[in-house]
Amino acid sequence: MKALLWRDLALAVRAGGGFGLGLAFFLIVVVLVPFGVGPDRSTLALIAPGILWVAALLAALLSLDRIFALDFEDGSLALLATAPLPLEGVALVKALAHWITTGLPLTLVAPALGFFLNMAPAAYGWLLVSLAIGTPALSMIGSFGAALTVGLRRGGLLLSLLVLPLYVPTLIFGAEAVRHGVDGTGATAPLMLMGAITLGCFALLPFAAATVLRINLR
């Protein structure tokens, strides 16, 4: 598992695996929002948590199709299926590698980009915590979606259509956690619900992803 993780991290950094693509997209979306909604600082501060969460979600989508597609094309996925490491472990490692190269950078950069949206000072910590809890779920759900569409021509659009509805609960609880944290009404419940979603994804989806990978490899 360690060897596979280091391999995927190296490919993401050296072979254009989307390491910088998600960050660039995230920055572009955040910079363009004030041009679209206007320069009113109170309006930007109000919508900042939701905009940052939506931008992070869309940025995470950009590299999902590369989770299994490249390995399928060069035959590596078939070799991994016959390796001592079970496919459930492969799916888990792939999701972890995607989060390290996409979700983690987005989480660390998001508070800094909140400055462009005049985000309230009290929201920075809550945004960081909510993204740290929620983005692993995005990667694990994306790994399951990538397993469903592996081997399909132009499966990127289908992957987005499959994954986006599954992202909605995490998006809702993530944005609400930041808003409740700023308002002082208590962000514990949204954070706990989002944590439950993340834990549930990592408990169940590796098995689901392994099952569809076996079907697609037959």
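A few comments on the model shown:
- Screening TRP6, TRP53 for residues that are touching a helix residue (DSSP H, G or I) at 6+ places or on another chain (Cβ under 7 Å), at negative phi, at pLDDT 85 or above and not hydroxyl-bearing (Ser, Thr, Tyr) leaves exactly one candidate, TRP53.
- The condition (being touching a residue at least 12 places away in the same chain (Cβ under 8 Å) and either outside any helix (DSSP H, G or I) or under 17 Å from the mean Cα position of the chain (by Cα) (or both)) is satisfied by just one residue among ALA56, ALA24, ALA48: ALA56.
- A Cβ distance below 7 Å, combined with a sequence gap of six or more or placement on separate chains, defines the contacts here; from segment 80-104, residues that are of a type in the set (D, E, K, R) reach residues that are open to solvent by 10 Å² or more (accessible area, probe 1.4 Å) and part of a helix (DSSP H, G or I) in the pairs GLU88/PHE207; LYS94/ASP8.
- Residues satisfying the stated conditions in segment 63-79, i.e. without any contact (Cβ under 8 Å) to a residue 12 or more places away in the chain, acidic (Asp, Glu) and outside any loop (DSSP other than H, G, I, E, B): ASP71, GLU73
- Test: residue in segment 37-59 that is of a type in the set (Phe, Trp, Tyr) and farther than 25 Å from GLY174 by Cβ: no
- Residue in segment 170-187 that is open to solvent by less than 40 Å² (accessible area, probe 1.4 Å), under 19 Å from the mean Cα position of the chain (by Cα) and more than 28 Å from ALA123 (Cβ to Cβ) present: no
The values are calculated or read from the model by the stated rules, or taken from the named source; none is laboratory data. Computed from a predicted model, the values in this text were never measured in an experiment. Cβ: placed from backbone, ideal geometry, glycine included. Neighbour counts: every protein chain shown. Areas reflect the complete protein model, heavy atoms only, side chains present, ligands, DNA and RNA absent. Shrake-Rupley method; radii C 1.70, N 1.55, O 1.52, S 1.80 Å.
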